[in-house]
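This report refers to the structure that appears directly beneath it.
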Amino acid sequence: MAVGAAQLPASRIQVLGMIPLQQKFGLLVALAAIVALVVGGWMWGQTPDYRVLYSNLSDRDGGAIISSLQQMNVPYKFAEGGGALLVPANQVHEVRLRLAGQGLPKGGLVGFELMETQKLGTSQFQEQINYQRALEGELARSIQSLSAVQSARVHLAISKPSVFVREQQKPSASVLLSLNPGRSLDANQVSAIVHLVSSSIPDLPVKNVTVIDQSGNLLTAQDGNNLGLDPGQFKYRSEVEQSFVKRIEAILTPITGPNNVLAQVTADMDFTQTENVAEIYSPNQSAPAAVRSQQTSESSGSAGATAGGVPGALSNQPPGNASAPINAPPPAPGQPAGAAAGAAAASAATQTGAGTATPPTRRDSTINYEVDKTIRHTRQPVGVIKKLSVAVVVNYRKLTDADGKVTTKPLSAAEMAQIDALVKEVMGYSKERGDSLNVTNSAFSVPEIEPAAEVPLWKQPETIATAKDVGRNLLIAGLVLFLVLGVLRPLLAKLSEVRLPAPAALGDETSAAVRGTPNYDQNLDAVKQLARSEPALVANVVKEWVAHDE
């Protein structure tokens, strides 16, 4: 009975056994390469994007952070040169918060935790030194929290307290800043650092704080370059000037067009703090004044004669003979001629103590009036504008003809007068204050600023990142396709050409046919060679014959 090709024992093991050794090795290499590419591509896609966790770490902080990362099972690696520690981008913020909870990194500065490790028997001098070190470290940490500051060092000079007032010395401080590349501090930030240090040390005046940067520039000297103005006053004056500039340009732009007006304002301001107290008394007025108090007293003597004259012997002598004066004083107007003589005689009699005197009468009157008084407290406002100096330049008017040619033309006198009036209204021009205004019409030589071109799609960062991912996947797919079509496919084609000999070819019917053919010897040699090279295959054929009882 003949056995068809479908009944051949063509198992994978038998087929592989018939493949030459060189082809087997190539097949294994191709399969290994495909597996490696697939696994490598998957791992490449799963590789996280590393970002900087910390940079410029000290050896002490770096070792402590690495130990913590190993305990948290967070992968890490170092940048080139070991200047930065990198962790996966999706874990940067979480790791920083967890490390901050552990007090890392310490940054090489010691703060008030130094006071927690005090040993028994520490002297007062050592305690004072440790306290000063802790205070310097805390101030440095506070200054380093500024975004522009990379590192900071603070040196304090605190004198020992003394009981003598004249020997008291004010403390001083020096701050050394290391700024981040490309960053700088303005006057307000420097002033803030100075006041931060001054407020942290008792009795430390602001003028005793010195701030310098890593290049040796004295930053606190900037306060003296603004004509005695502190940063707050200088900033206020700049804001006032810029406010006038914006208002002038805003009102003239609709008339002249955009980018055709330039204005500059200089404000002379008075920052003097003045407070006056005046107490003014009004002079006597014709109107009746208010009576505050009045006091009147009267007194009169007895009706009898009174003794007069000088006590002594002369007063007891009799009066002399009466005589008329040769030169008698003239009588007063409306008085008889003899009245003057009588008055003189009475006076003489009074002096000698002779005769009878008129009873004395006394009357005193005191009146106190209210006095008008005005007390005035005057506080002058700070930052008053003393004078404004304004300069305005207006560009020529641009005209476009029918051919599209652009020409320029000066403004007319009426237009310049209108612009001058508008600027005066905006700035609040005051001739009494001494303000000055200069409006000029001139052609601008500054080239027009062209709008920035939009970034093409292929230059945008998102597009570049997407292209990298797609290119990586296409590269892996291309390599896999090359191995499949260029290596595995030819090998599989060769495997399909390998065929096992049909069992019926070794049977009686085939043997008779083979013996009858002229190539019987060749076929016999082929069978013998097959039995030597593949004994298992021949054994399976014989077993198949026995099973089918042939």
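Structure above, values below:
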| read-out | value |
| --- | --- |
| Count of the stretch 34-71 residues which are open to solvent by 30 Å² or more (accessible area, probe 1.4 Å) and farther than 26 Å from S151 by Cβ | 16 |
| Complete set of residues in the stretch 359-406 that are among the hydroxyl-bearing types (S, T, Y), surrounded by 10 or more Cβ atoms within 10 Å (Cβ to Cβ) and within 30 Å of G434 (Cβ to Cβ) | S389 |
| Residue count for the stretch 414-444, restricted to those that are among the small types (G, A, S) and closer than 18 Å to V261 by Cβ | 5 |
| Yes/no for D372 being of a type in the set (D, E) and at pLDDT below 80 | yes |
| Flag if A250 is open to solvent by less than 60 Å² (accessible area, probe 1.4 Å) and at pLDDT 90 or above | no |
| Matching residues in the stretch 155-166 - criterion: being of a type outside the set (K, R), farther than 29 Å from R141 by Cα and surrounded by fewer than 10 Cβ atoms within 10 Å (Cβ to Cβ) | V163, F164, V165 |
| Residues of the stretch 262-276 satisfying the condition of being out of contact with any Ser or Thr (no Cβ under 8 Å at 6 or more places or on another chain) and open to solvent by 80 Å² or more (accessible area, probe 1.4 Å) | L262, Q264, Q273 |
| Hits in the stretch 444-460 (condition: assigned to a loop (DSSP other than H, G, I, E, B), modelled with pLDDT of 75 or more and more than 30 Å from V394 (Cβ to Cβ)) | E454, P456, Q460 |
| Criterion (of a type outside the set (D, E, K, R), at pLDDT 75 or above, over 22 Å from V38 (Cα atoms) and in a helix (DSSP H, G or I)) met by exactly one of I464, I476 | I464 |
| Residues being in contact (Cβ under 8 Å) with a residue 12 or more places away in the chain and closer than 12 Å to Y50 by Cβ - total across the stretch 71-94 | 14 |
| Residue match in the stretch 134-143 (condition: open to solvent by less than 30 Å² (accessible area, probe 1.4 Å), in contact with a helix residue (DSSP H, G or I) (Cβ under 8 Å, 6 or more places away or on another chain) and among the small types (G, A, S)) | yes |
| Yes/no for N276 being at pLDDT below 80, more than 34 Å from the chain's Cα centre (by Cα) and not basic (K, R) | no |
| Every pair of residues 6+ apart whose Cβ atoms lie under 7 Å, when the first sits in the stretch 178-205 and is among the basic types (K, R) while the second is open to solvent by less than 30 Å² (accessible area, probe 1.4 Å) | R183/A148 |
| Total residues in the stretch 105-131, condition surrounded by 15 or more Cβ atoms within 10 Å (Cβ to Cβ) and modelled with pLDDT of 80 or more | 1 |
| Subset of the stretch 194-222 that is under 18 Å from S159 (Cβ atoms) and in a strand (DSSP E or B) - its residue that is most open to solvent (accessible area, probe 1.4 Å) | T210 |
| Candidates S174, S191, filtered to the one that is assigned to a helix (DSSP H, G or I), surrounded by 15 or more Cβ atoms within 10 Å (Cβ to Cβ) and not acidic (D, E) | S191 |
| All positions within the stretch 528-539 that are open to solvent by less than 60 Å² (accessible area, probe 1.4 Å) and part of a helix (DSSP H, G or I) | L530, A531, L537, V538, A539 |
| Candidates K409, K431, K424 - the one that is surrounded by 14 or more Cβ atoms within 10 Å (Cβ to Cβ) and basic (K, R) | K424 |
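The values are calculated or read from the model by the stated rules, or taken from the named source; none is laboratory data. None of the values given here were measured: they were computed from a predicted structure. Virtual Cβ from ideal backbone geometry, glycine too; neighbours counted across all protein chains shown. We work out accessible area using only protein heavy atoms, side chains counted, and drop any ligands, DNA or RNA first. Shrake-Rupley method; radii C 1.70, N 1.55, O 1.52, S 1.80 Å.
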